[in-house]
Amino acid sequence: MPDVNLIIDGHAVSVPAGTNLVDAARTVEVAIPVFCYHPKLKPVGMCRMCLIEVYTPRIDPATRQVVLGPDGLPQLALMMNKLQPACVTPVSEGMVVKTTTEKVKFAQRGVLEFLLTSHPLDCPVCDKGGECPLQNLTMQWGPEVSRFDYSDKVHFEKPIKLSDVIYLDRERCILCSRCVRFQDDIAGDSVLGFDNRGRSWEIISKSEPGFDSKFSGNTTDICPVGALTNADFRFRSRVWEVRSTPSICTHCSVGCNLSLDARHNQLMRVMPRENDDVNEIWLCDKGRMGMRFVESANRVTTPLVRQHGKLVPASWDEALTRISSNLSQIAAKGTGQVAGLMSDSASNEDLYAFRKLITETYQSTSLDHRPGASTDVALDDAPLTAGVGKGTSLLALGKGTTVIVVAADVEEEAPLYVLRLRGIQNRGGAVHVVNSFATKLGSGASSDTRIAAGSESAYAAAFLKLVLEAQAANGFDRRVRNLDDVRNQLNKLSIDTLLETAGVSRAQLQKLVDAYMTATNAIIVYGRTAQHVGASVTQTLANAAIATGKCGKANNGLIALTAGANTTGALALGVRPGKDGAAANEFWARAEAGTLRGLMVVGLDPANNNPAAAEGLATIAKHGFLAVQTMFMNETAELADVVLPQMAIAETDGTLTNAERRVQRFRIAVAAPAAMHPTWQICAYLAERSTVAVPASKNATAVLGDWEYAVTSDVTEEVAQRIPRFGGVTYTSLDLSINSWGRQANESVYYDGTSYTNTEGNGVQIAALADEPTAPLPMAFVAPVAFEPKGEFGLLLQTPVRAYNGGSWSTDSKLSTVQVPAHVLISPSDAARWNINAGDRVTIASPVGTSTVPAQIDKNVATGHVLMPDVAGAPLHLTLGAYTRVAIRRAE
Amino acid sequence: MLGAFLKGLGTTFKYLFKKPVTVQYPEEKRVVHERFRGRHQLNRFQNGMERCIGCSLCAAACPSDAILVVPAENDPAKPNSPGERYAARYEINMLRCIFCGYCEDACPTNAITLEHQYELSFYDRKSAIYDKSMLLIPIDKGHGEIPPVLTQLNRRPSPPAQIDL
């Protein structure tokens, strides 16, 4: 848009047309006070705090020309002959704006005096005190005294619970509607609203249960007063007493930037830290309130070793010696006898060191980051090949952008992506959702296609077929490999059959393909179901991105919503089964066969809900050696020979790689509850104590170097040197920051408490294969797989993700009351068929067993489809993969 | 030389006949001024509730970082102080305190006052930390009514304004 020139308080300003005066003034560091306006929200002009004098050139009504004064300059006229609200007044050419005149000051004092007539002024008690825009603005712009009777304030009952985590204090509320607009426009959960009028005007929650949103915590940030407070931080500390440490959230693959606020070595609250490339200034409730497990009294704090069948506390030295001597002995018997399992939410450093320990010290390629259950997803390298290009910023995307979300429930898998994808849609882009069940993102998306359960790969194949047809007209990039093979194979598939399997019409798919092909920026997002079905979906979608050249450049490519916070890092750093190595779900058979005798498990609980794994682990513990590093005692740890305590994210430092391959650094916020070592250091200790003789030939080819680490950054640097993809990713480069939304130095005054300025680094995006300009991009054909119900098992069971899954992260969290209980969702027709009522217990029978769970009836579930959320306590051992054929009966 | 010596002795001699300024402490104690700043105390309201609402402003004002306040939420059924918040822990390190009285100035409820007690000595550093139980005055020694701003807990909405016609 063309730039418009105007003058604000004597400063010449040139900003794009359409900019409002508050934002225009910010560019020259003129602060116009605001309450209801927020740069991330649409302006509404409700609070009248931003009233200013605006002069525009006088226009002669007859000639439509600017009237010039005797001095040759345009004559100015006060706009509308009144003060104008700056937040809803767009800039225009030749405007002259005055923000500090007596008239403006009079208005500002008046507005503040009025706001304070019904504000209780209980600042000493209020949690917002200290970062409260109302306090700040009153100090800077407010009147010294009030003419109103102090005892005639409006009073409401003190805090009412909007939900279990958000409290509303109505008398503090200044009715700016920031919270309502955030929920409506940004989060897409319209659960807040206004009620009554006049002095009884108040914010209410319209949902049941109250304030039913995964983003409710953000409203407490943007609330310009202390009306909304969150249960997690209520009265824990004053905001100026906390020490903030930059960190990263490990609850999902978004990698939201956090600020961990601690006082006296105790975590007080978790706040979002702004990073426009990741979480803007938002944070979901899981990230905000799911960090209390750190201070749980149930943490494992000392190493435990098994003596006479019981786990007893031991010294670190004893425990490490025991692990090392046992694993060394087992490793010396032959390669592959030792295996390693590590959580894909661990840091890059821990993953790297662990891989080095298992592959180089213990000479094994049996290494995995999945727990070895039927819920394991396939190893998916597509994002490392055709993931969104370097420099991608979803915040910059709008018109001309097509995002296709395939087989993902974004709100449950990676909540923050809902806000970011909705943002693209709000700015004029299109978000198309394709899924086998209804999702929250889909309900507000540009299009929401429901495909038949189990037909994801057929749909992907049909999509690719049409994409290749469309692309053939434009020709293909020279970097594309295997194109002919893929086309030949695809030609053997009938588009009609594929579409019939998926249950969508050709016109419907064609529309989506057209949207994809014509988009300037095209992104494909896929989630758990896609990865669970496997390469037939993920590789096929990657093929589409490669063939059309919609990868390898900024804002184009794939985004995979992975299960762990660092799955991308685990894949890139090689914590995955290598050549001749077993994958996690093969470990248990190997254990029974006696070819796997030593296992080290870090941060995972494979025995949970998985009888095969429990048996395998017991066999390993009995005939070999099982070492477990964990934060909480769990079923796997109960079987172990040695249990080591694990550090929480807040207690250690390192880097994490998010779904968009952005490596970000987190730091130590609080000290561990007892003397503990980070996992990379434990690996180094074990390697030093190892007695395994490394063959000379192997020693020469050892790629990962020695174990000379003193601090975490030593590992980071080694990763940067030895893993090509991570080249240049050091603490120095990770710490570079850029200011978001043009935040100015003086702005904390009125955006205080909204989030933290990011001065500690925006992270570095590592390159995908497609980002290298000359790298050949191989396509690969993977035949679609079909899941069809048959015989006695006439229903298809799917295990969708739930954010509130009741995992160990919810320990001591205020969110523990909203964790999803184990249940199944069935369609009304299936319910009628087997005479099941909502809440009845049903027996699920799959080829591998039966179990009983309560049922809910959901009209959005298709006939023949059963959803069993992947939550703690759900009988997931009944499943055989992405889809399982089951039968359902009402339990007697 | 000798002149200066005599002059000095002369002064000493003069004071022999004046009333001494010293007192026989500790048998005899001097009365301090009304505004003397001695050991702190935490006051109560007339009804026995703690005046301290745990706002930490004293700690923020303290130039020597001698005060620690850990706030918590009042149990509405059995509140320690008026309002939602109270000080679960309140500690003053008397070795750090410089008795400047800024805490008194910062306190919005006159909960902390510096009193006339000046006999502070300790055998070890730990005992120099005065906690809430040592600082709080007895429950029947409170004074003053709770200000309206702190009595809003569980209060019903205001009645409609009465207009005299």
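The values are calculated or read from the model by the stated rules, or taken from the named source; none is laboratory data. Source: prediction; values computed, not measured. Every residue, glycine among them, receives a Cβ derived from its backbone with ideal geometry; neighbour counts consider all protein chains shown.
Within the stretch A:72-81, the set of residues being in contact with an Asp or Glu (Cβ under 9 Å, 6 or more places away or on another chain) and either closer than 18 Å to residue A:5 by Cβ or exposed (fewer than 14 other Cβ atoms within 10 Å of the Cβ) (or both) comprises just one member, A:79. Beta carbons closer than 7 Å, at least 6 apart along the sequence or on distinct chains, never pair a first residue in the stretch A:52-64 that is at positive phi with a second that is surrounded by 10 or more Cβ atoms within 10 Å (Cβ to Cβ). Of all residues in the stretch A:608-623, those satisfying the criterion of being buried (at least 20 other Cβ atoms within 10 Å of the Cβ) and either hydrophobic (A, V, I, L, M, F, W, C) or over 16 Å from residue A:595 (Cβ atoms) (or both) are A:609, A:610, A:612, A:613, A:617, A:620, A:621.
When residues in the stretch A:765-799 are screened for being aromatic (Phe, Trp, Tyr) and closer than 30 Å to residue A:477 by Cα, 1 of them pass.
Restricting to the stretch A:216-239, give me the number of residues that are of a type in the set (S, T, N, Q) and within 14 Å of chain B (Cβ to nearest Cβ). Walk me through it before giving the result.
First, pick out the residues of the stretch A:216-239 that are of a type in the set (S, T, N, Q): A:216, A:218-220, A:229-230, A:237.
Right, trim to within 14 Å of chain B (Cβ to nearest Cβ) and you get A:229-230, A:237.
Total meeting the criteria: 3.
Do the conditions hold for residue A:94, that is, is it in a loop (DSSP other than H, G, I, E, B) and touching a strand residue (DSSP E or B) at 6+ places or on another chain (Cβ under 8 Å)? So residue A:94 passes the test. When the stretch A:464-498 is filtered for residues that are over 32 Å from the mean Cα position of the chain (by Cα) and farther than 25 Å from residue A:775 by Cα, the ones remaining, listed by number, are A:491, A:492, A:493, A:494, A:495, A:496, A:497, A:498. Give the residues of the stretch A:475-487 that are in a helix (DSSP H, G or I) and either outside the structural domain of residue A:545 (by TED's automatic domain parsing) or touching a residue at least 12 places away in the same chain (Cβ under 8 Å) (or both), sorted by residue number. Across the stretch A:475-487, the qualifying residues are A:483, A:485, A:486, A:487.
Considering the stretch B:1-50, and only residues there that are of a type in the set (Lys, Arg) and in contact (Cβ under 8 Å) with a residue 40 or more places away in the chain, the residue that is surrounded by the most Cβ atoms within 10 Å (Cβ to Cβ) turns out to be B:44. The criterion of being in a helix (DSSP H, G or I) and in contact (Cβ under 8 Å) with a residue 60 or more places away in the chain does not hold for residue A:135.
The residue pairs whose first member lies in the stretch A:560-588 and is farther than 17 Å from residue A:358 by Cβ, whose second member is part of a helix (DSSP H, G or I) and of a type in the set (Asp, Glu), and whose beta carbons are closer than 7 Å, counting only pairs six or more residues apart or on different chains, are A:561/A:413; A:588/A:615.
Please state which one of A:244, A:213 is away from every other protein chain (no Cβ under 11 Å), of a type in the set (Gly, Ala, Ser) and surrounded by 22 or more Cβ atoms within 10 Å (Cβ to Cβ).
After ruling out the rest, the residue left standing is A:213.
Taking the stretch B:1-120 and the strands (runs of 3 or more DSSP E) fully enclosed by it, the elements with 1 or more residues that are within 14 Å of chain A (Cβ to nearest Cβ) and at pLDDT below 95 are at B:67-73, B:85-93. Hey, can you tell me all the residues within the stretch A:586-602 that are crowded, with 20+ Cβ neighbours inside 10 Å and not basic (Lys, Arg)? Within the stretch A:586-602, A:587, A:588, A:591, A:596, A:598, A:599, A:600, A:601, A:602 meet the criteria.
Matching residues to (1) touching a residue at least 12 places away in the same chain (Cβ under 8 Å); (2) surrounded by fewer than 24 Cβ atoms within 10 Å (Cβ to Cβ); (3) in a loop (DSSP other than H, G, I, E, B); (4) touching a Pro at 6+ places or on another chain (Cβ under 6 Å):
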position: A:260; (1), (2), (3), (4): yes, no, no, no
position: A:270; (1), (2), (3), (4): yes, no, no, no
position: A:278; (1), (2), (3), (4): yes, no, yes, no
position: A:288; (1), (2), (3), (4): yes, no, no, no
position: A:317; (1), (2), (3), (4): no, yes, no, no
position: A:322; (1), (2), (3), (4): yes, yes, no, no
position: A:340; (1), (2), (3), (4): yes, no, no, no
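Just so you know, in the stretch A:121-173 the residues that are among the aromatic types (Phe, Trp, Tyr) and within 13 Å of chain B (Cβ to nearest Cβ) include one that is nearest to residue A:230 (Cα to Cα), and it is A:167. Residue A:190 fulfils the conditions (1) within 14 Å of chain B (Cβ to nearest Cβ); (2) closer than 17 Å to residue A:228 by Cα; (3) of a type in the set (S, T, N, Q); (4) touching a helix residue (DSSP H, G or I) at 6+ places or on another chain (Cβ under 8 Å) except for a single criterion, (1).
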